[in-house]
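This report concerns only the one structure given below.
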Amino acid sequence: MSFTVRRLTDDKKKKRRPIPWKKVTKVLLKVSGPILAFSEIMYAHAQKKSEEKAKKKERLNVLKRVLVVLITVLCAALLFAATVKALVSLKVLNIKSLVSVAASDLPADAYGHTNILLLGKGDAGHDGVDLTDTIMIASIDPTKTKSVVLLSIPRDLYLLQTEKMGKGRINTMYRDYKVALIREGKTKDEAETLALAEVASELGRTFGMEIHEALMVDFLGFVKAVDAIGGVDIEVPEDLIDTQYPADETSYTTFEIKAGPQHLDGETALKYARSRHSTSDFDRSRRQQQILNALGDKLKEGGALSKPGRILDLLKILEEHVETTLAVREMLGLAEMGGEIDRANILPLQLNDQNGLYGSMVRPGGFLYTPPRAEFGGASVLLPVSIPPMPITWKQINILVDLVIDNRTFFADRTPIDVLNAGAAPGSGRKQSDELERYSFTIDRVANSDNGEKLDQSTVRASEDNREKATFLADLLKMKLDILAPEVAAGMDTSSIQILLGKDYAYTPVQSLFQPIQ
């Protein structure tokens, strides 16, 4: 058998040519140059757009933060006061200028607090034009305690003398001084600004504190502001029926709201805040503070300021319904300051006549009483309780301001106090607790000492965690200080501070014990 061998292909195997990498590299570099340059341009453009978008978003966020504070201040003033004309400095202000104007620091007192007087009055459609029916001082501490004390002042508080405004009820001071200034030749605008500033100065002198700025708002602005943010939600504690709510200057209507959760529009919120004929001025102040907290909660949600158009509406409301001694830069400074405040540390306080006299209950701020009307031409007025009764002084209210506003560390977290009888005469615990409660201390328990403990010397007792506050209280009351050793405090509830009234205890008003806190 024979066979032959043949090639599978007649073509000679071709050799692969090497890739010219140097030439390829040159070509790629030549081509990629324009591509890379174009990419850089596009990247820079995209980055610029992104930065512009971020800046725009930040400007909107800044504006929202500003408005949260401004609207809160607006509504606070509306609740505790009333009308005026436009905030002059905001008449030429728009979003562009608002976010471009640098904020300036606000004045502060020796404690680092900025104190602002919030006033108000009904507009032309309401009774009592130019009467500042309710007044509030907002004392802001943006650093140490990050808190605000809101001190409500009843409209019937009577000043027996002032430097420039004579004597009278506090709610007439602005009106009467404004009229006097106009008669002296001042323009209406000048008279309003000077009267606003003078009321702030006089209240500062009376209460023993610096009041740095003042602000007024009208009822219509309040209604518009509440409606602009979609209303507020509150819990009405009890049915409220007011058959004498002012309808206009000459007639009344009935305002009624049921107990329970309620959503209020601007008009209803105003009526809820203003109504007083079925209750009292002091109940009205509590409702006003309730509305203020509800407004703060609504603004905190964020949705109320989610639309630029709504922001513009709110700015216009501010422009048309607020008058203030604050400059634009200071308003922005106030906005920045407001961002530092812990909402849990808003401390409401109210001067009132619930002081234990004539069998009444005691409430914080109960330093006022109603003298016989015949002594004041038939008018109902409020004067400060004085020790001794004559001459009339503001000493106790000055001490309240010193404790709760100027030195508020003890009060910022509402440390509870137990007042325990440990050998003192019967009834001593209640008498001491009432005195402390008037000065806004939080009394948790009044009882006999635990396990029947008897002490020769009255003592303030606390755990090591409360040493600073217990020292403050012992110094104030001139009592012995007892800090529990850790092994003794173990297993005990040491959240409160105990005041143990011993055999040596004799009731002494805080006014007689108090030494100014340095």
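The values are calculated or read from the model by the stated rules, or taken from the named source; none is laboratory data. Owing to the predicted nature of the structure, the values given are computational and were not obtained by experimental measurement. Using ideal geometry, Cβ is built from the backbone for each residue, glycine included, and neighbour counts are taken over all protein chains shown. Ligands, DNA and RNA are stripped out before the accessible areas are found, and what is left, the full protein with its side chains, is counted by its heavy atoms. Shrake-Rupley method; radii C 1.70, N 1.55, O 1.52, S 1.80 Å.
What the table below lists for this structure:
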| item | result |
| --- | --- |
| Breaking point among (1) within 23 Å of LYS503 (Cβ to Cβ); (2) in contact (Cβ under 8 Å) with a residue 12 or more places away in the chain, for TRP394 | (1) |
| Where a residue in segment 198-223 is in a loop (DSSP other than H, G, I, E, B) and its partner, wherever it lies, is open to solvent by 10 Å² or more (accessible area, probe 1.4 Å) and modelled with pLDDT of 90 or more, with Cβ under 6 Å and at least six apart | GLY208/ASN398; GLU210/ASP109; HIS212/PRO107 |
| Matching residues in segment 142-158 - criterion: being in a strand (DSSP E or B), more than 10 Å from the chain's Cα centre (by Cα) and closer than 18 Å to GLU210 by Cβ | ILE153 |
| Selection count, segment 182-230, where residues are open to solvent by 10 Å² or more (accessible area, probe 1.4 Å), of a type in the set (A, V, I, L, M, F, W, C) and closer than 30 Å to LYS316 by Cα | 8 |
| Scan of segment 104-125 for residues that are open to solvent by 40 Å² or more (accessible area, probe 1.4 Å) and either among the aromatic types (Phe, Trp, Tyr) or modelled with pLDDT under 85 (or both), ordered by number | ASP105, TYR111, ALA124, GLY125 |
| Any helices (runs of 4 or more DSSP H) falling wholly within segment 231-335 and containing at least 2 residues that are polar (S, T, N, Q) and either open to solvent by less than 50 Å² (accessible area, probe 1.4 Å) or modelled with pLDDT under 75 (or both) | 281-301 |
| Those residues of segment 485-505 which are modelled with pLDDT of 90 or more, open to solvent by 30 Å² or more (accessible area, probe 1.4 Å) and in contact with a helix residue (DSSP H, G or I) (Cβ under 7 Å, 6 or more places away or on another chain), in sequence order | TYR505 |
| Check on TYR177, surrounded by 15 or more Cβ atoms within 10 Å (Cβ to Cβ), at negative phi and without any contact (Cβ under 8 Å) to a residue 24 or more places away in the chain | yes |
| Check on VAL149, on the phi < 0 side of the Ramachandran plot and at pLDDT 90 or above | yes |
| Residue identified as within 23 Å of LEU473 (Cβ to Cβ), aliphatic (A, V, I, L, M), open to solvent by 10 Å² or more (accessible area, probe 1.4 Å) and part of a loop (DSSP other than H, G, I, E, B) among ILE387, ILE399, ILE392 | ILE387 |
| ASP465 being under 20 Å from ALA412 (Cα atoms) and either at pLDDT 95 or above or not β-branched (Val, Ile, Thr) (or both) | yes |
| Top-ranked residue of segment 476-511 - restricted to ones that are assigned to a helix (DSSP H, G or I) and without any contact (Cβ under 8 Å) to a residue 12 or more places away in the chain, ranked as farthest from PRO426 (Cα to Cα) | GLU487 |
| Answer from THR459, THR508 - the residue that is open to solvent by less than 70 Å² (accessible area, probe 1.4 Å) and in contact with a strand residue (DSSP E or B) (Cβ under 7 Å, 6 or more places away or on another chain) | THR459 |
| Residue within segment 375-382 that is more than 19 Å from GLY204 (Cα to Cα), of a type in the set (Asp, Glu) and touching an Asp or Glu at 6+ places or on another chain (Cβ under 9 Å) present | no |
| Restricting segment 406-450 to residues that are open to solvent by 20 Å² or more (accessible area, probe 1.4 Å) and hydrophobic (A, V, I, L, M, F, W, C), the residue that is nearest to ILE137 (Cα to Cα) | ILE443 |
| Any hit, segment 357-371, residues being more than 29 Å from the chain's Cα centre (by Cα), of a type outside the set (Ser, Thr, Tyr) and modelled with pLDDT of 90 or more | yes |
| Residue in segment 364-380 that is on the phi > 0 side of the Ramachandran plot and either surrounded by fewer than 18 Cβ atoms within 10 Å (Cβ to Cβ) or without any contact (Cβ under 8 Å) to a residue 60 or more places away in the chain (or both) present | yes |
